[in-house]
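Right, one structure below, let's go through it.
Nothing in this text is a laboratory measurement; each read-out follows from the coordinates by a stated rule. The structure displayed is predicted, hence computed values, not measured ones. Using ideal geometry, Cβ is built from the backbone for each residue, glycine included, and neighbour counts are taken over all protein chains shown.
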Amino acid sequence: MDSPPARQAWHDMRRRQAALDELSARIAWATSADDRVEPLRGLQLLRASSPTALRHGVVAPACCVIAQGRKEILLGRSRYTYDPARYLLTTIDVPVASQILDASHERPYLSVRLQLDPMLVSAVLLECDLPVCALQPAAQAIGVSPLDTDLLDVMVRLVRLIDDPAEARVLAPLVTRELIARLLMGTQGDRLRHMAMAGGFTHRIARAVGLLRSDVRRPLRMAHIAEELGMSVSSLHHQFKAVTAMSPLQYQKRLRLQEARRLMLGEQLDAASAGARVGYDDASQFSRDYKRLFGRPPARDIGHLRAAKHDGRQAAPP
């Protein structure tokens, strides 16, 4: 360890471990029980003391760092696993399934997620005078990359601000901009720039996603959406699948089924009523699609979820 490279590597390892230890301690202190909290706007901390079952939900643009534990996210047929050595970046709203793989009472899963505002990303991109990538094929909505120590340090400084609301009001926006700048200069920078570029494929797909999410009951009319976005139907279909790993029809169906599940669980609707509420005309088709996604028919699935919640086994959010 006498050579300069070896000493630098040892120093970087110590610095990284110290940052992870501090981040773990701060998340554990802010989340005394298994839960998700949002101590600063857009900054969410999550704690889980045991592995979770697969949970379905929609992830928004965000940077996610794990201080302790391991998690997996499924998007279409792709699997993304991340842990303290890798961070997750999502650049568009997509329905996913997620699962915490490593967690225990002695070493709970601890993570932090910073939501990313595309307008702020665009502003930082301009401020940094970074090169704007040419209009290339759309970038997929989720990616995992090695977590470098500089990016980790910025996330730690952001979490530190939880302790002082007065400082947070002034400094949190500045630290957030620094974190976005480091993301833009990092290995996933091109993907993040796609999200920010008005007129780019990913930007247009984000608008298509917004149209689909605005009313899940509305019949899917690809020609109408393509015309509104200034794209051909075939280009819209191809680029949409490149970003979200599913076709527009599959995306809409996933949203409908997740909303129906929420209605049955939260508003006590029966399966037929929930299916009709989200746009299904055929109750039997709704039940088949529901079982294909969630693994159980609607009534059995909702009963299982209620029993799990009553027993304290509710899955942690994605």
Loop-resident chymotrypsin sites (Phe, Trp or Tyr not before Pro) in region 27-135 with no more than 15 other Cβ atoms inside 10 Å, DSSP not H/G/I/E/B, are none
With point charges of +1 on the Cβ of Lys and Arg and -1 on the Cβ of Asp and Glu, referenced to the Cα centre of the chain, which listed residue (GLY279, LEU20, GLN44) lies farthest in the positive direction of the dipole? GLY279
Only four residue types carry charge here, +1 at the Cβ of Lys and Arg and -1 at the Cβ of Asp and Glu. Report the dipole size of the chain about the Cα centre in Debye, rounded to the nearest 20. 1020
Can you give the convex hull volume of the alpha carbon atoms of region 18-81 per residue, in Å³? 112
Can you give the helix-only mean residue ellipticity at 222 nm for the chain, where every DSSP H stretch with n ≥ 4 adds -39500 (n - 2.57) and the sum goes over all residues, rounded to the nearest 500 deg cm²/dmol? -16500 deg cm²/dmol
Against the longest alpha carbon principal axis of the chain, how many degrees, from 0 to 90 and to the nearest 10, is the axis of helix 4-30 turned? 50
Using only the Cα atoms of region 1-129, what are the Rg and Dmax in Å? 16.7, 51
With a 10 Å cut-off between alpha carbons and a GNM built on the chain, which of GLN115, GLN99, GLN17 moves the most? GLN17
Would you mind pulling out the separation of the Cα centroids of region 244-298 and region 212-228, in Å? 18
Given Cβ charges of +1 for Lys and Arg and -1 for Asp and Glu, the option among LEU152, PRO4, ALA141 whose Cα lies farthest towards the positive end of the dipole of the chain is ALA141
If we count GluC sites (Glu not before Pro) as exposed when they sit in a DSSP loop and have at most 10 other beta carbons within 10 Å, what is the longest stretch of the chain that avoids them all? 107-266
Could you tell me how many degrees, from 0 to 90 and to the nearest 10, lie between the Cα long axis of helix 118-127 and the main elongation axis, the longest principal axis, of the Cα atoms of the chain? 40
Two-site label geometry, HIS238 and ARG292: point separation in nm, points 7 Å out along Cα→Cβ: 2.6
Rounded to the nearest Å, what's the spacing between the alpha carbon centres of region 20-34 and region 60-104? Just the number, please. 19
For VAL59, enumerate residues with amide H under 5 Å from its amide H, sequence gap 5+ or separate chain, H modeled in the peptide plane. VAL94, VAL96
Would you mind working out the magnitude of the charge dipole of region 251-318 relative to its Cα centre, with +1 at each Lys and Arg C-beta and -1 at each Asp and Glu C-beta, to the nearest 20 Debye? 260
Go ahead and set up a Gaussian network model of the chain, Cα springs under 10 Å, then flag whichever of LYS253, LYS291, LYS241 fluctuates most. LYS291
Which angle from 0 to 90°, rounded to the nearest 10, does the C-alpha axis of helix 201-214 make with the longest principal axis of the chain? 50
Would you mind computing, in nm to one decimal, how far apart the modelled labels at LEU174 and ALA283 are, each placed 7 Å from Cα along Cα→Cβ? 6.1
Here, SER247 and ARG15, labelled 7 Å along Cα→Cβ, have an inter-label distance in nm of 5.0
